[in-house]
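Structure first, then comments.
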Amino acid sequence: MARQDYLIALGSNMRHALYGSPRALIAAALKALDNANCQVVTVARVIETPPLGPSRRRYANAAAIVRTDREPDAMLRELQAIEHRFGRRRTGKAWSARTLDLDIVLWSGGAWAHDDGESSLVIPHPFFRERAFVLGPAATIAGRWRDPLSGLTVRHLLARLTKPPPAPR
C-alpha cells in the first residue's frame, strides 16, 4: 500500500505512573507513534476539556497527522497496542476515565468500514462531527481535510458545531 495520512485524535484524563500528567502522556504517545513505523507529520497543541459522561477528570486532547503505509485495520491494531502499552484497559464502560485514547478520525483514503467480529473500524469516526474537543485541535492542523461523507472541511464542521445559537426575536 502507498503511504497514507491519518488524522488521529489523542486524549487522556488519568495520570500515568511512568509518564505523569495526561499532557505528558500524550507527548509520550506521540513518540511511541513516531517509533512504530509511522511518521508524525504535525501535531496540534494540547487543549484541556471537560469530560463527557460521568467521569470527573478533565481531559487533555490533541490531534496529529500521521503518515504510514499501514492499511486502516493495521493502523487500528497499532493504535490499540500503543494504548495497551500505556495502561489502557478496555472495560466496555463508555465514558470511563482512561490513560490514553487514540482514534482514527479521517484518512487520506476516504471512507472505510470493516467489522471482522473481533474489531470494527469506521472512517470517518462516527462521532467526530459532534465533538469540539476533536474538531478544535484537528482544524488547526487539518482544517482543509474533507469529511468524505458530507464533503465539508474540518474547519467548516467546527464552525457549524461552535456557532452561537440564533438570538431570540
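Does any residue of region 92-106 turn out to be at pLDDT 95 or above, of a type in the set (S, T, N, Q) and either open to solvent by 30 Å² or more (accessible area, probe 1.4 Å) or at positive phi (or both)? No, every residue in region 92-106 fails to be at pLDDT 95 or above, of a type in the set (S, T, N, Q) and either open to solvent by 30 Å² or more (accessible area, probe 1.4 Å) or at positive phi (or both). Condition test on residue 74, is it assigned to a helix (DSSP H, G or I), modelled with pLDDT of 90 or more and not charged (D, E, K, R)? Yes; evaluated as a whole, the condition is true for this residue.
If you go through region 132-143 one residue at a time, how many are open to solvent by 100 Å² or more (accessible area, probe 1.4 Å) and under 13 Å from residue 107 (Cα atoms)?
Here the count works out to 0.
Applying the selection to region 60-71, what residues are in a strand (DSSP E or B) and either out of contact with any Phe, Trp or Tyr (no Cβ under 8 Å at 6 or more places or on another chain) or surrounded by fewer than 22 Cβ atoms within 10 Å (Cβ to Cβ) (or both)? The answer is 60, 62, 63, 64, 65, 67, 68.
Within region 46-59, if we keep just the residues that are surrounded by 14 or more Cβ atoms within 10 Å (Cβ to Cβ) and in contact with a strand residue (DSSP E or B) (Cβ under 8 Å, 6 or more places away or on another chain), the residue that is farthest from residue 4 (Cα to Cα) turns out to be 51. Pairing residues of region 115-141 that are polar (S, T, N, Q) with residues that are outside any helix (DSSP H, G or I), at Cβ distances under 6 Å and at least 6 apart in sequence or on separate chains, gives 140/44. Of the residues making up region 107-120, those that are part of a strand (DSSP E or B) and either modelled with pLDDT of 90 or more or hydroxyl-bearing (Ser, Thr, Tyr) (or both) are 107, 112, 113, 120. Residue count for region 13-31 satisfying the condition of being closer than 12 Å to residue 57 by Cβ, at pLDDT 90 or above and open to solvent by 60 Å² or more (accessible area, probe 1.4 Å): 0. Is it true that residue 129 is buried (at least 16 other Cβ atoms within 10 Å of the Cβ), charged (D, E, K, R) and either on the phi > 0 side of the Ramachandran plot or in a loop (DSSP other than H, G, I, E, B) (or both)? For residue 129, the condition - buried (at least 16 other Cβ atoms within 10 Å of the Cβ), charged (D, E, K, R) and either on the phi > 0 side of the Ramachandran plot or in a loop (DSSP other than H, G, I, E, B) (or both) - is not met.
For region 150-163, filtered to residues that are at pLDDT below 95 and open to solvent by 100 Å² or more (accessible area, probe 1.4 Å), the residue that is nearest to residue 65 (Cα to Cα) is 160.
The values are calculated or read from the model by the stated rules, or taken from the named source; none is laboratory data. Because the structure is a prediction, the values reported are computed rather than measured. Here Cβ is always computed from backbone atoms with ideal geometry, including for glycine, and neighbour counts include all displayed protein chains. The accessibility values were calculated without ligands, DNA or RNA, using every heavy atom of the protein model including side chains. Shrake-Rupley method; radii C 1.70, N 1.55, O 1.52, S 1.80 Å.
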